[in-house]
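Written below as structure tokens is the structure these notes are about.
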Amino acid sequence: MTKLFPYPTLIATLIFIMFSSCSKQITNSTIPNVPPIVPAQSGTPVPEDPAAVIYLSAGYSNDLFAVDATNGAILWSTKVKGTYNTSAAYTQGTILVKGFDDFQPADISAFGTDGTLKWTYHVPGVFEYNQTALIASDGVAYTQDRDQIIAINVSDGSVKWTCDKPVSEDGGSFLNNNTLYANIIEPGSLFSIDKQTGKLNWSVGTYIPSTPFISGDSIFQADAKYVFIYDAHTGEIKNTITSFPTNGPINIKYGRVFSFDSQTTDSATFSINYPFNYSPSPLIPPGYINGSIYPIVADSMVILPYGIFNAFTGDVICTPSPFFYPGTTRPESYGATYVNHILYYSSCMRSEYDATLAVHYYSDIFAYDVRNKSQLWHVAIENTDLYNVEPCIVTKSGAIYRGVFTYH
């Protein structure tokens, strides 16, 4: 998850409240052709590719942590250049974090798996107003400033290619097979770029302040009035849907569209609105492109900041209790990554007083087993602020997860 600077008041809209109590047993008896719901009955086989290491940067402090995914032990920590950090990325034995200061260009720091600094890269060009997290895959990291999209070889920090873009206030990118898709919020463009060469495949004006999502050969982009569906190969408009207004980014799975603001509909026709038993819907700020902004949809569940739901019935699986700043009702923000029935998540800074009334500041990391409905571990780290960042998780087999995405 990345830090959405300079909007700290958005914390209240992004709490990943976590999951200590469950109020209802869900079954599939009345739902045809539904995959097994998680959490399931005891005896469910454990997936064969468990998480091994969590790489977690700090959004509001220049820290990077390597965490043992089995017990939460801090394996090592180091400092990252810059006052603020985006979510960590990982590829081929290298951990990468983009750090920056107020209204200044960003720097990318690359570390080995032992925490040793390998190289730094100063991102050229004009400051990007909303710093977005790096994407890293197959030994290449992708970033952008306001003028260019840049591919960087992680082996030595050299530039692989650059692609010019319209001057923009912010943007976000995602990979699909051999293509990098870059969303430019202002002035409004969606780019398709060959990830090997940097050659522009196509671009289209979108003027939509939301994060797109790709499913099959279609790109979906939603705002409060429309859902636009583009051909992922050509950029041509395939359809414009007016029957599913949503202020939240979307995810698509099981033939359905799931929105961050607790709506769900048929992904082919948008003609059926399925029940989603949460009310009221949370406010999702227009243009919010960073952090855990997609609903996480996996194992027949939808994981949202306000609970875990059955993806087919909309029923609540778990009703969590929120964390709050001491003495207030303002919730903290969370970043979450789901890997093989376990949800890993973090909080931003909280304060706590000791016996002498001296104040201490902590951020928290948690692991929660949704299959067994139990917290596996919780680690509090003093004097760091894990604001608005997603855990980057490497599994035993080497698969990489961050937020809703999986990389290799």
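Given the criterion modelled with pLDDT under 90, surrounded by 14 or more Cβ atoms within 10 Å (Cβ to Cβ), under 23 Å from Gly59 (Cα atoms) and touching a strand residue (DSSP E or B) at 6+ places or on another chain (Cβ under 7 Å), identify the matching residue among Pro391, Pro331, Pro326, Pro320.
Details: Pro391 fails: modelled with pLDDT under 90; Pro326 fails: surrounded by 14 or more Cβ atoms within 10 Å (Cβ to Cβ); Pro320 fails: under 23 Å from Gly59 (Cα atoms).
Sole residue among the options that is modelled with pLDDT under 90, surrounded by 14 or more Cβ atoms within 10 Å (Cβ to Cβ), under 23 Å from Gly59 (Cα atoms) and touching a strand residue (DSSP E or B) at 6+ places or on another chain (Cβ under 7 Å): Pro331.
None of Thr197, Thr242 is open to solvent by 40 Å² or more (accessible area, probe 1.4 Å), over 22 Å from the mean Cα position of the chain (by Cα) and at pLDDT 90 or above except Thr197. Taking the criterion of being among the polar types (S, T, N, Q) and in contact (Cβ under 8 Å) with a residue 40 or more places away in the chain, the residues of region 57-68 that qualify are Ser57, Ser61.
I need the full set of residues from region 91-123 which are charged (D, E, K, R) and open to solvent by 50 Å² or more (accessible area, probe 1.4 Å), in order please.
So in region 91-123, the residues charged (D, E, K, R) come out as 98, 101-102, 107, 114, 118.
The answer is Asp101, Asp102, Asp114, Lys118.
For region 69-90, name all the residues that are crowded, with 22+ Cβ neighbours inside 10 Å and touching a residue at least 60 places away in the same chain (Cβ under 8 Å). Across region 69-90, the qualifying residues are Ala69, Tyr84, Asn85, Thr86, Ser87, Ala88, Ala89, Tyr90. Of all residues in region 211-242, those satisfying the criterion of being part of a strand (DSSP E or B) and small (Gly, Ala, Ser) are Ser215, Ser218, Ala222. In region 177-190, the residue that is nearest to Ala89 (Cα to Cα) out of those that are at pLDDT below 85 and part of a strand (DSSP E or B) is Ala182.
Tell me which residues, restricted to region 154-164, are assigned to a strand (DSSP E or B) and either within 23 Å of the chain's Cα centre (by Cα) or of a type in the set (Phe, Trp, Tyr) (or both). Full working, then the answer.
To start, the set of residues in region 154-164 that are assigned to a strand (DSSP E or B) comprises 159-164.
Listed by number, the list holds a single entry, Trp161.
Filter region 334-352 for residues that are open to solvent by 10 Å² or more (accessible area, probe 1.4 Å) and at pLDDT 85 or above and give the result. Within region 334-352, Tyr338, Asn340, His341, Ile342 meet the criteria. Residues that are farther than 23 Å from Asn251 by Cβ, of a type in the set (Asp, Glu) and surrounded by fewer than 22 Cβ atoms within 10 Å (Cβ to Cβ): does region 363-381 have at least one? So far as region 363-381 goes, yes, one or more of its residues are farther than 23 Å from Asn251 by Cβ, of a type in the set (Asp, Glu) and surrounded by fewer than 22 Cβ atoms within 10 Å (Cβ to Cβ). When Gly403 is tested against (1) in contact with a strand residue (DSSP E or B) (Cβ under 9 Å, 6 or more places away or on another chain); (2) open to solvent by 10 Å² or more (accessible area, probe 1.4 Å); (3) small (Gly, Ala, Ser), just one condition goes unmet, and that condition is (2). Select from region 211-233 the residues that are within 23 Å of Ala141 (Cα to Cα) and among the polar types (S, T, N, Q) and write down the one among them that is modelled with the highest pLDDT. Restricting to residues being within 23 Å of Ala141 (Cα to Cα) and among the polar types (S, T, N, Q), the top hit is Ser215. Among what's in region 267-298 and is at positive phi and under 18 Å from the mean Cα position of the chain (by Cα), pick the residue that is modelled with the lowest pLDDT. That would be Gly287.
The values are calculated or read from the model by the stated rules, or taken from the named source; none is laboratory data. The shown structure was predicted, so the numbers you read here are calculated from the model rather than taken from an experiment. Neighbour counts run over all protein chains shown; Cβ positions are idealised from the backbone, glycine included. Accessible surface areas use protein heavy atoms only, side chains included; no ligands, DNA or RNA. Shrake-Rupley method; radii C 1.70, N 1.55, O 1.52, S 1.80 Å.
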